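This report concerns only the one structure given below.
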Amino acid sequence: MMLMDETKIDAIENEIDAKTAINVLIAKIRDYQLKVQEIVSNYYLDFLPNCYDNVKIMKNGKLLEDEINKAITLINKDSSWQLYMTNERMQQQQEELSECITAYKTAYKLQTIHGLFDMIPRCGDDYQKLIHIIEKVKALLDDGSDAVLLRLDGYHNIRSRCHEEYQILLFNLNKKFESLVQLREKPFQNTKAITINIKKDEDQLHQVVLALIHTNYNIHKLCSFLMNNVFEPIITRPVLLVYNENDGDFISLQLSYQLKSNEDLRPNYKIIFQLMIDTFYCLGHMNIVISDRQCIFSIIAKHTKSKICRLLIDNCLQNDIPDTIDEMNDSNIVQAVQEFNKFLRDMLFLDGESDSMLDEYASKIELLFQKKFCANIVSNAFEIMKKDLHDMVLVEDRESDFSCGSDMFASCMVSKSTIELKKLLDKVLSEGLNGERKLSDRLMETIATVLERYTIEVTQIHEKLLLKIPQQSALFHNNCMYLSFWLQKNASKLDANYSFMLIGNALRDQGNKTFHIQLQNQRTLLMQSLREFDLTNGIVELSPKCQKAIRQCIRQFELLKSVWQTVLPEMVYNNSVGSLLTTFCTEIIKRILLLEDITAALGNGLVTIIKIIEEKVPFLLRDHTDITLLVKPWTKLLQLHKILDSSLVEITELWAEGKGPLTLNYKADEVKHLIRALFQNTNHRQMSLASIIQL
């Protein structure tokens with residue numbers, strides 16, 4: 001009986017505690033709700049000053065949220081609270097608590113919105129923060145799950161305040177952008193003057209542009225101004241352009257031109273390309289990068305690139321295609337179009353994958369002048385050989401019939417002079433096959449003479465350039481292979497009495513010899529640079545000269561890539577660079593393996609150097625995954641990195657008693673030598689050394 005009485009007393013006490021706690025919580029919620037209601041009424045209904053400390057109220061609201069969460073947790077978990085809440089007598093209080101919690105959530109949301117509005121004046125010109133605040137307010141106002149908020153008297157006023165703040169932000173952004181990028185036009189009776197000033201404040205411009213993009217800024221006005229007042233006049237009429245980077249705080253571009261253009265005064269493609277390049281360089285100062293695939297130029301391009309390309313073709317390039325073979329020989333219109341197209345891609349104005357209008361037109365230019373082939377090419381053969389080798393072109397569609405079946409000319413460069421010489425030989429051969437016997441014999445002899453003299457004349461005329469400039473020797477190599485291939489393709493048409501097979505062999509031999517000399521020169525330069533990579537025994541840490549030497553070698557490779565990769569056939573390029581990289585990696589490995597003692601600092605320095613090599617070297621190849629095939633010591637170098645950066649246990653595991661991955665490239669003696677150099681003589685090291693055995 002006593003136990004029953006005590007249980008009943010405890011239940012009553014728990015019920016009283018729960019009831020008291022809920023009443024206190026309801027009272028706090030109502031007090032908080034009244035304060036928020038007064039704030040909302042004063043600010044958004046009566047527009048009166050408010051004496052409440054908004055920060056303090058917000059803090060109290062957050063504390064109140066913690067109490068609510070705690071109460072809900074107790075209701076869900078505590079047996080005494082659950083018993084109390086299921087008591088029929090307390091259902092009214094439970095409903096009252098539920099309503100108060102719902103009201104609290106709405107009140108706290110209103111208080112949050114008001115707090116966000118209070119933050120706006122303190123943001124100043126931090127547009128990203130302002131956008132974030134306004135977007136957050138919009139999200140709170142657009143919360144469809146809160147039906148109470150939508151019915152409040154001040155809801156529409158709060159939404160109007162949000163819209164007003166957004167419009168103020170847009171106005172300030174536009175005003176700020178117009179102060180940073182000033183676009184002005186001044187028409188006169190017969191002329192027009194355009195001025196573009198771009199502020200030299202990249203950080204501020206970056207901030208403003210990003211904010212404008214995030215607010216869905218309408219860029220049509222900017223695009224229309226540039227198209228109508230800059231790009232279209234440059235392409236269609238003579239303009240005077242002044243580009244000034246030293247105009248105080250601004251980069252300035254000034255254009256002036258006649259409103260009525262004269263066709264006779266129309267500039268040629270070279271002038272137009274240069275003016276366009278100058279213009280893009282100036283505008284590049286506002287070309288803010290927004291993301292990996294988006295910048296200001298890419299956005300402007302969506303509205304202007306098609307029209308610009310069409311204007312260039314219809315009003316510039318179409319009129320500048322040469323009429324005669326001599327003009328074509330002297331012209332670089334195809335290369336200029338390709339280079340300009342590449343320039344627009346580099347500036348992220350054109351997309352390399354989808355924008356091909358200019359490239360496609362460049363590939364057709366050859367077809368437009370082929371019909372005007374000159375009959376007197378043979379007499380100019382030796383003059384052609386004197387032309388600069390570095391004036392080069394891709395072996396393109398126009399040569400596909402000739403190079404069909406040969407992969408060696410896929411996506412590689414040859415000198416324009418060689419293309420021209422090949423065309424001369426085609427003409428000579430055609431006339432030889434269709435002419436009388438004597439004429440045919442003479443023309444066949446001329447072909448032999450031209451090709452026999454090619455290796456002598458070109459190597460003498462361009463001797464210094466072939467020796468010193470890698471691109472020249474690569475082009476000469478391709479030229480010789482190209483002419484030799486021409487002989488092979490036309491072997492059935494040529495008179496064997498002139499030993500054309502021997503001439504073809506001589507061309508290939510001379511091309512290979514010249515290029516191999518260049519390769520040897522590059523090896524010599526590598527070894528000269530590596531003189532500073534001093535790993536004399538006894539050094540404690542690497543000197544800055546060591547890393548400088550490695551970077552100098554990588555820079556040498558990168559320069560070779562820039563002048564060889566687009567010139568040489570892929571197989572020749574890969575084999576050549578692979579051979580040089582093999583020499584380089586072998587030398588690095590050899591010098592490290594010669595070290596008797598490798599301190600921690602020295603080891604870290606060597607790891608850093610190998611990391612630099614690992615990051616840079618694979619991308620010297622067209623397909624970086626080919627590195628292990630083309631550079632035999634590459635895997636050994638990677639494993640050396642692993643050894644230098646591993647513990648004694650890890651190295652032992654990599655050897656795995658002669659069955660691990662290290663055994664593919666290292667001998668047991670080499671691994672032991674590295675362990676002795678890297679780690680102090682301890683029992684642990686002795687045990688590890690004992691486990692390094694060669695199976």
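What to note about this one:
- Cβ-Cβ distances below 9 Å connect the following pairs, each with a first residue in segment 406-430 that is at positive phi, a second residue that is part of a helix (DSSP H, G or I) and at pLDDT 80 or above, and a separation of six or more residues or different chains: SER411/GLU570.
- Restricting attention to segment 595-637 and to residues that are under 28 Å from the mean Cα position of the chain (by Cα) and not in a helix (DSSP H, G or I), the residue that is surrounded by the most Cβ atoms within 10 Å (Cβ to Cβ) turns out to be VAL631.
- Of the residues making up segment 189-211, just one is without any contact (Cβ under 8 Å) to a residue 12 or more places away in the chain and either farther than 30 Å from LYS260 by Cβ or among the aliphatic types (A, V, I, L, M) (or both), namely ASP203.
- The listed residues are PHE343, PHE382, and the only one of them that is of a type outside the set (D, E, K, R), at negative phi, open to solvent by 20 Å² or more (accessible area, probe 1.4 Å) and at pLDDT below 85 turns out to be PHE382.
- Cβ-Cβ distances below 8 Å connect the following pairs, each with a first residue in segment 313-331 that is at pLDDT 80 or above, a second residue that is open to solvent by 20 Å² or more (accessible area, probe 1.4 Å) and hydrophobic (A, V, I, L, M, F, W, C), and a separation of six or more residues or different chains: ILE313/MET357.
- With respect to (1) in a helix (DSSP H, G or I); (2) open to solvent by 70 Å² or more (accessible area, probe 1.4 Å); (3) more than 29 Å from SER261 (Cα to Cα), the lone exception for LYS221 is condition (3).
- The set of residues from segment 564-582 being part of a helix (DSSP H, G or I) and buried (at least 17 other Cβ atoms within 10 Å of the Cβ) comprises TRP564, GLU570, VAL572, TYR573, ASN574, SER576, VAL577, GLY578, LEU580, LEU581.
- Of all residues in segment 638-695 being under 23 Å from GLU541 (Cβ atoms) and assigned to a loop (DSSP other than H, G, I, E, B), the one that is most open to solvent (accessible area, probe 1.4 Å): GLN680
- Within segment 638-679, the only residue that satisfies the criterion of being under 36 Å from the mean Cα position of the chain (by Cα) and β-branched (Val, Ile, Thr) is ILE643.
- Segments classed as helices (runs of 4 or more DSSP H), wholly inside segment 107-189, with at least 2 members that are at pLDDT 70 or above and not small (Gly, Ala, Ser): 127-141, 155-180
- Looking only at residues of segment 209-218 that are of a type outside the set (Phe, Trp, Tyr) and surrounded by 15 or more Cβ atoms within 10 Å (Cβ to Cβ), we find that the one that is nearest to PRO238 (Cα to Cα) is VAL209.
A quick yes/no check of all residues on (1) in contact with a strand residue (DSSP E or B) (Cβ under 9 Å, 6 or more places away or on another chain); (2) over 26 Å from LYS129 (Cβ atoms):
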site	(1), (2)
GLU164	no, no
PHE171	no, no
ASN174	no, no
LEU180	yes, no
LEU183	yes, yes
GLN189	no, yes
LYS192	yes, yes
ILE196	yes, yes
ASP201	no, no
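- Segment 585-594 - residue that is surrounded by 15 or more Cβ atoms within 10 Å (Cβ to Cβ) and either over 33 Å from the mean Cα position of the chain (by Cα) or of a type in the set (D, E, K, R) (or both) and, of those, farthest from PRO544 (Cα to Cα): LEU593
- Test: residue in segment 448-456 that is open to solvent by 100 Å² or more (accessible area, probe 1.4 Å), modelled with pLDDT under 85, over 48 Å from the mean Cα position of the chain (by Cα) and of a type outside the set (A, V, I, L, M): no
- When segment 395-426 is limited to residues that are open to solvent by 60 Å² or more (accessible area, probe 1.4 Å) and within 19 Å of SER484 (Cα to Cα), the one that is modelled with the highest pLDDT turns out to be SER411.
- In segment 242-281, the residue that is farthest from ASP314 (Cα to Cα) out of those that are hydroxyl-bearing (Ser, Thr, Tyr) and modelled with pLDDT of 85 or more is SER252.
- Yes/no for MET501 being modelled with pLDDT of 90 or more, of a type in the set (A, V, I, L, M, F, W, C), over 22 Å from GLU596 (Cα atoms) and surrounded by fewer than 16 Cβ atoms within 10 Å (Cβ to Cβ): no
- Segment 171-208, residues that are loosely packed, with under 15 Cβ neighbours inside 10 Å and within 16 Å of LYS221 (Cβ to Cβ): PHE171, LYS175, GLU178, SER179, GLN182, ARG184, GLU185
The values are calculated or read from the model by the stated rules, or taken from the named source; none is laboratory data. Just so it is clear, the structure is predicted and the values come from calculations on it, not from any experiment. Note that we place each Cβ from the backbone using ideal geometry, even for glycine, and neighbour counts take in every protein chain shown. These accessible areas exclude ligands, DNA and RNA; they are computed on the full protein's heavy atoms, side chains included. Shrake-Rupley method; radii C 1.70, N 1.55, O 1.52, S 1.80 Å.
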